[in-house]
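The values are calculated or read from the model by the stated rules, or taken from the named source; none is laboratory data. Fair warning: this is a prediction, and the values are worked out from it, not measured in the lab. Here the Cβ positions follow ideal geometry from the backbone for every residue, glycine too, while neighbour counts run over all protein chains shown.
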Amino acid sequence: MTFVYPQLFWVLIVPFVIFAFLIVTNKERLSRIFDPKVLERLSADSESLPSRVRNIILLTAIFFMIVALARPVVEKGEQKVQVKGLTLLTALDISGSMRSKDVYPNRLEFAKKKMGEFFDAMPSDEIGVMAFAYNAFVLAPFTADKETLKMMVDGVDDSYISMGSTDFEAMGELAAKLLEKKKPKVLVVFTDGGDEEAIKGLGDILEENGIDLYVVLVGTKKGAPVLDDNGKPMTLKDGTIAITQRNDALGELAKRHGGAYIVASNGKKDIEALANVIHSKYRAKQQGEVKVKQRVEYFYYPLALGLLLLLFGFSSLPRRTYHTVQDGGAQ
């Protein structure tokens, strides 16, 4: 038998031993003040236990409680458990076109909402988050804590948006590095897309590193004006308003590299369908092997015994009555 918290046992047992020694060896305070004959007159008339016995019972009760706090267990060895689940990397587009408002309230906020729905649809999977525009960076490491992921994604606001061109190759290179030791390698991108020229190098990176690409496209084919930092429409050199449209070329690239794509819409059915496709494809895959310690807990035995002794000790406290002497005899 061992203790889960042996340090706690020794921290508590040392002062307990000192306390018990003082209690057992210390004489009654009254015996140092009153004459024994006077004390006999003032002594308790009760059927309670002797004080020494009662002290031993109470101290024993405290000792058993200390043992219970240290959590005694019997180790049964370790067992290897296969954990079902996937490890996926998600990527959020924060380029300037994500300010456009052809979806409510804008493409960035709509993409963040769909990412939150995706996290909910993958409850037992580990997910990492990165953001990309002209550069790519890690937003959250791989974790199964979906609430933390949602908090990190919710923190991405308009100040993160980069007006530079979207570099899909930089996104792909960082994804390859983050997924290097993962199996399978799954990348899910939330973006308004990119043209064939912009995504040309990404396909080579996906193929070289064996990455399966899935894409959630936001925005409309009709498009909307590109907005600057102040929310005003940007203009081209000829004075016309710059319009950005959703480009599905990245979705087609995903289909050619072992994945799929959806066009995000209101409601959760689109994301749930994507999650089902991913889970179905990698159903037999496992996240890894975890060692779990097998223990038999015994803390409740000393705890129950300690409480029983404590109850017995307190219930045996004496009820004092006093003898008085009057003229004519004792009463």
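Here are the numbers:
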item	result
Test: residue in segment 225-234 that is in contact with a Leu (Cβ under 8 Å, 6 or more places away or on another chain) and either in the same structural domain as Val138 (by TED's automatic domain parsing) or over 22 Å from Asp157 (Cα atoms) (or both)	yes
Single match in Leu92, Leu179 (criterion: assigned by TED's automatic domain parsing to the domain that holds Val226, in contact with a Lys or Arg (Cβ under 6 Å, 6 or more places away or on another chain) and closer than 20 Å to Ala254 by Cα)	Leu179
Scan of segment 176-197 for residues that are farther than 24 Å from Lys221 by Cα and in a helix (DSSP H, G or I), ordered by number	Ala176, Lys177, Leu178
Scan of segment 84-125 for residues that are surrounded by fewer than 20 Cβ atoms within 10 Å (Cβ to Cβ), modelled with pLDDT of 95 or more and touching a Gly at 6+ places or on another chain (Cβ under 8 Å), ordered by number	none
Residue identified as assigned by TED's automatic domain parsing to the domain that holds Met171, over 19 Å from Ala111 (Cα atoms), assigned to a loop (DSSP other than H, G, I, E, B) and of a type in the set (Lys, Arg) among Lys200, Lys237, Lys255	Lys237
Residue within segment 164-175 that is assigned to a loop (DSSP other than H, G, I, E, B) and either of a type in the set (A, V, I, L, M, F, W, C) or under 28 Å from the mean Cα position of the chain (by Cα) (or both) present	no
Any hit, segment 199-214, residues being touching a residue at least 24 places away in the same chain (Cβ under 8 Å) and under 13 Å from Ser97 (Cα atoms)	no
Exclusive hit being without any contact (Cβ under 8 Å) to a residue 12 or more places away in the chain and farther than 29 Å from Thr235 by Cα, set Thr90, Thr148	Thr148
Condition met for Leu213 (out of contact with any Phe, Trp or Tyr (no Cβ under 6 Å at 6 or more places or on another chain), of a type in the set (A, V, I, L, M) and closer than 20 Å to His279 by Cα)	yes
Yes/no for Ala131 being in the same structural domain as Arg256 (by TED's automatic domain parsing), within 22 Å of Ile278 (Cα to Cα) and among the small types (Gly, Ala, Ser)	yes
Sole exception among (1) at pLDDT below 90; (2) hydrophobic (A, V, I, L, M, F, W, C); (3) not in a strand (DSSP E or B) for Val292, by number	(3)
Unmet requirement for Leu213, which otherwise passes all of (1) closer than 18 Å to Asn135 by Cα; (2) buried (at least 20 other Cβ atoms within 10 Å of the Cβ)	(1)
Subset tally (residues that are farther than 13 Å from Leu217 by Cα and either in a helix (DSSP H, G or I) or in contact with a Lys or Arg (Cβ under 7 Å, 6 or more places away or on another chain) (or both)) for segment 258-277	6
Members of segment 84-129 that are closer than 27 Å to Ala144 by Cβ, among the aliphatic types (A, V, I, L, M) and over 25 Å from the mean Cα position of the chain (by Cα)	Ile94, Leu108
